[in-house]
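Shown next, in structure tokens, is the structure this report addresses.
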Amino acid sequence: MLTQMSNEKPPLINRESELKRMEQLFGSVIALKTPKFLLIEGDYGLGKTALEYEVVKTESLLSLAKLSA
């Protein structure tokens with residue numbers, strides 16, 4: 001079981017289209033400087049945590065790259 005204190009990375013399986021949509025949404029927030037709301041819902045075990053992890057990881061790395069440029 002994955003907990004907040006866990007260092008395990010949840011697997012992201014067959015979520016490429018959802019990941020792309022979330023990254024596009026995040027990009028529009030940055031570009032337009034307007035807040036958005038995103039709700040990720042679904043039954044247990046569908047990969048919601050893994051999807052969130054990938055978006056946060058990707059966007060955090062992009063933000064760090066922009067700050068250091």
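For this structure, a couple of remarks:
- The calculated FRET efficiency for K57 paired with T34, based on their beta-carbon distance and R0 = 35 Å, is about 0.90.
- Contour excess over end-to-end distance, with Cα ends at Y44 and K20 and 0.36 nm allotted per residue: 6.5 nm
- Cα gyration tensor category, rounded, prolate or oblate, for the range 6-53 with a/c compared to 1.5: prolate
- The amide H of L12, built 1.01 Å from its N in the peptide plane, has no neighbour under 5 Å, considering only residues 5 or more places off or on other chains.
Every number in this text was worked out from the coordinates using simple rules, so none of it is lab data. Being a predicted model, the structure only gives us computed values, none of them experimental. When we count neighbours, we look across all protein chains shown, and the Cβ atoms used for this are built from the backbone with ideal geometry, even at glycine.
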